[in-house]
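Input: a single structure, listed below in structure tokens.
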Amino acid sequence: MSVVAYAPASTANVSVGFDVLGGALAPISGELFGDRVKVSKGDFGFSLECVGRYADKLPKDADSNIVYQCYLNYQAALKKINKEILPVKMILEKNLPVGSGLGSSSSSIVAALEALNAWHDHLLDENTMLTLMGEMEGQISGSIHYDNVAPCYLGGMQLMINEGGIISQMIPSFKEWYWVVAYPGISISTSAARNILPAQYRLSETLTYGRRLAAFVHACYSDQADLAAKMLKDVIAEPYRSQLIPGFKEARVFAEQSGALAMGISGSGPTVFAVMTDLQQAQLLQQWLTENFLQNDEGFCHICRLDEKGARVLGTEL
Ligand code: HSE
């Protein structure tokens, strides 16, 4: 017996909601775009094997792997409710590039915890799981923010609440939007991308940030796609981070000329995203980005919809 869990790629910030908005991604091609973790019965303790396109970018020793940390944290969480963890064999299929701005570490964390929880008959509830996921993401990136783990786990477009005992809730999203995401093939660590941001912002910028975020959420609830797209602008991170992404300006110009309603940095970069409504225009942009924005063979460009399902058990075999 075994269980395999899948956790999708995600795009955090969505330009207008630094640290408080994130969406899960599903390529329209139908291919899986996220990590998978298999759990099966172990003889004792824990063992881990890493496979998949990006497995060679992970630490060589299993103890330094995030999946082992998931196992330890899951064990500690079970202890709190007087339950014992079972001996497990785990396999991580690493399908997302590390440091890409696509929620790669979140995908591993969420897939590992989802698989462990399924293996243990769902002993932990959704809120406890999400809290664990956020803590683990914080261990990696240096500060706790849920804008990748929440969409990756729960699906759709998620708004971080982080107060009153609520971590995140889904907000309505526009089903007609295509999300063209291009990963150039270079890596940027989230902690490095956070370190270059100012410690303080001018009052005028914070007012713009709050106004646009409120207008975006209002537009989502009142089904005004054009208004929502117009609000997808970033005064917090993009002015500082765009210089880390080769060809960002040119990509923006081409995206705008190709009919993109908005374009920005996915999470802490270097992946960029563009919102489009016309599939042919999205395909043209995909082709242009593939030919002009990708830096090497590691890069790729997908046309996505939002993944409404989030993390899920896919079956028993990888
Ligand atoms: N909101 C984070 C950042 C993205 O931009 O630093 C990763 O969760």
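The numbers here are math on the coordinates, done by the rules we state, and not lab data. Being a predicted model, the structure only gives us computed values, none of them experimental. No Cβ is skipped: glycine too gets one built from the backbone with ideal geometry, and neighbour counts run over all protein chains shown.
Quick look at the numbers
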item	result
Nearest-ten-degree value, helix 203-221 long axis tilted from longest Cα axis of the chain	80
Estimated inter-spin distance, Asn127 and Lys57, nm [label 7 Å along Cα→Cβ]	3.6
Along the chain, longest interval not containing exposed chymotrypsin sites (Phe, Trp or Tyr not before Pro), exposed being DSSP loop plus at most 14 other Cβ atoms within 10 Å	45-200
Computed lengthening from Leu197 to Glu163, 0.36 nm per intervening residue step minus Cα-Cα distance	9.8 nm
Charge context of Ile28, other residues only, Cβ under 14 angstrom, K/R +1, D/E -1	-3
Residues with amide H under 5 Å from that of Gly34, placed H, sequence gap 5 or more	Ala9
Residue-by-residue Karplus 3J(HN,Hα) for the stretch 123-131, coefficients 6.51, -1.76, 1.60, Hz, glycine and proline x	5, 9, 7, 4, 5, 5, 4, 5, 4
Selection of trypsin sites (Lys or Arg not before Pro), the stretch 8-90, meeting DSSP coil and at most 13 other Cβ within 10 Å	Arg53, Lys60
Note, ³J(HN,Hα) from phi for the stretch 289-305, Karplus 6.51, -1.76, 1.60, rounded to Hz, x at Gly and Pro	5, 4, 7, 10, 9, 5, 9, 6, 6, 6, x, 7, 9, 10, 9, 10, 10
The stretch 177-252 and the stretch 23-38: distance between their alpha carbon centers, rounded to Å	23
Under 13 Å, Cβ to Cβ, from Glu238 - net charge with Lys/Arg +1 and Asp/Glu -1	+3
Distant-in-sequence amide H partners of Asp147 (H built 1.01 Å from N, under 5 Å)	none
Highest-fluctuation residue, Ile166, Ile109, Ile303 considered, GNM on the chain with Cα pairs under 10 Å	Ile166
Per DSSP, loop trypsin sites (Lys or Arg not before Pro) in the stretch 129-225 with at most 16 further Cβ within 10 Å	Lys175, Arg202
At q = 0.06, 0.07, 0.09, 0.11 Å⁻¹, base-10 log of I(q)/I(0) for the chain (Debye sum, equal scatterers on each alpha carbon)	-0.19, -0.26, -0.43, -0.65
Amide H within-cut-off set for Leu21, under 5 Å, with H built and near neighbours excluded	Asn13, Met160
Around Leu124: net Lys/Arg minus Asp/Glu count, Cβ-Cβ under 11 Å	-2
Label-reachable residues, the stretch 223-242, where backbone N falls under 16 Å from a point 7 Å from Thr208's Cα toward its Cβ	230-242
Fraction of antiparallel bridges per DSSP, the chain only, in percent to nearest 5	90
Loop GluC sites (Glu not before Pro), the stretch 174-280, which have at most 12 other Cβ atoms in a 10 Å radius of their Cβ (DSSP)	Glu176
Table column - 3J(HN,Hα) (Hz), the stretch 176-183, Karplus curve with 6.51, -1.76, 1.60, x for Gly and Pro	7, 7, 9, 10, 8, 10, 10, 9
Rg/Rg_globular for the stretch 178-306, with Rg_globular taken as 2.2 N^0.38 Å and Rg from C-alpha atoms	1.08
Flagged links, alpha-carbon separation over 31 Å, of Lys83/Lys175; Lys57/Lys233; Lys233/Lys309; Lys175/Lys249; Lys38/Lys79	Lys83/Lys175; Lys57/Lys233
Helical mean residue ellipticity (222 nm; -39500 (n - 2.57) per DSSP H run of 4+; nearest 500) of the chain	-10500 deg cm²/dmol
Convex hull (Cα only) mean projected area of the stretch 2-172, reported in nm² to one decimal	10.1
